[in-house]
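Please read the structure below before turning to the comments.
The values are calculated or read from the model by the stated rules, or taken from the named source; none is laboratory data. Note that the coordinates shown come from a computational prediction; the quantities given were computed from them, not determined experimentally. Note: ideal-geometry Cβ built from the backbone for every residue, glycine included; neighbour counts use all protein chains shown. These accessible areas exclude ligands, DNA and RNA; they are computed on the full protein's heavy atoms, side chains included. Shrake-Rupley method; radii C 1.70, N 1.55, O 1.52, S 1.80 Å.
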Amino acid sequence: MAIYVYPAVFVAEEEGGYSVNFPDVESCYTSGDNMSNALEMAEDVLCMMLYEYEQSAETFRNKVSPPSDPKSFKLKDNETVSLVRCDTAFYKRFYENKSVKKTLTIPAWLNEAAGAKNINFSQTLQNALLEQLELA
């Protein structure tokens, strides 16, 4: 999981709104009702596609090129290039928030002391892991 920045081509449509494509990321395109909405949709689709491609190194190599220089694009009058940033680690935390059962072992005295104070073991472990991973 990583942070990526890719150029996107925004095309102003005659009927209004924008279509968006990422020349360096295969099958990565979207649209929006206005520029703000199109940019929001572009961030979402870029994260979704890159996260999906990250699941296999071979797929990632085959479907994602290094980011092009935005100045290298030959644009039509109705086209604009903008850099779009995404964080696939954040995306994963946000969209894959299902719980996973873990078994752990602690000393009996610690279990009794925590039980006496009604400490939620799952929440305590989650908080400790977030802090340890510097994600808190």
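Can you list the helices (runs of 4 or more DSSP H) found entirely within region 39-136 that contain at least 1 residues being more than 20 Å from the chain's Cα centre (by Cα)?
Because the criterion is at least 1 residues that are more than 20 Å from the chain's Cα centre (by Cα), the helices (runs of 4 or more DSSP H) in region 39-136 that meet it are 108-116, 121-132.
Only one of (1) over 18 Å from residue 83 (Cβ atoms); (2) modelled with pLDDT of 95 or more; (3) open to solvent by less than 40 Å² (accessible area, probe 1.4 Å); (4) not small (Gly, Ala, Ser) is not met by residue 33, so which one is it?
(3)
Determine, yes or no, whether residue 73 is at pLDDT 90 or above, in contact with a strand residue (DSSP E or B) (Cβ under 6 Å, 6 or more places away or on another chain) and over 30 Å from residue 135 (Cβ atoms).
So residue 73 fits the description; yes.
Quick one: would you say residue 36 is within 17 Å of the chain's Cα centre (by Cα), among the hydroxyl-bearing types (Ser, Thr, Tyr) and not in a strand (DSSP E or B)?
no
Could you please find all residues in region 7-53 being in contact (Cβ under 8 Å) with a residue 60 or more places away in the chain and either in contact with a Lys or Arg (Cβ under 6 Å, 6 or more places away or on another chain) or under 16 Å from residue 90 (Cβ atoms) (or both)?
Listed by number, the list is empty, since nothing qualifies.
Listed here are the residues, each with its yes/no results for (1) surrounded by 10 or more Cβ atoms within 10 Å (Cβ to Cβ); (2) touching a residue at least 60 places away in the same chain (Cβ under 8 Å); (3) under 16 Å from residue 6 (Cα atoms).
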site	(1), (2), (3)
67	yes, yes, yes
72	no, no, yes
90	yes, no, no
98	no, no, no
114	yes, no, no
119	yes, no, no
122	yes, no, no
129	yes, no, no
133	no, no, no
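Kindly check whether there is at least one residue in region 33-51 that is of a type in the set (Val, Ile, Thr) and over 30 Å from residue 125 (Cα atoms).
Yes, region 33-51 contains a residue that is of a type in the set (Val, Ile, Thr) and over 30 Å from residue 125 (Cα atoms).
Would you mind stating whether residue 27 is open to solvent by less than 90 Å² (accessible area, probe 1.4 Å) and in a loop (DSSP other than H, G, I, E, B)?
It is true that residue 27 is open to solvent by less than 90 Å² (accessible area, probe 1.4 Å) and in a loop (DSSP other than H, G, I, E, B).
It is to be established whether one or more residues within region 45-63 are at pLDDT 95 or above and surrounded by 13 or more Cβ atoms within 10 Å (Cβ to Cβ).
yes
I'd like to check something: does region 54-64 contain any residue that is in contact with a Lys or Arg (Cβ under 7 Å, 6 or more places away or on another chain) and closer than 26 Å to residue 2 by Cβ?
Within region 54-64 (the criterion being in contact with a Lys or Arg (Cβ under 7 Å, 6 or more places away or on another chain) and closer than 26 Å to residue 2 by Cβ), the answer is no, since none of the residues qualifies.
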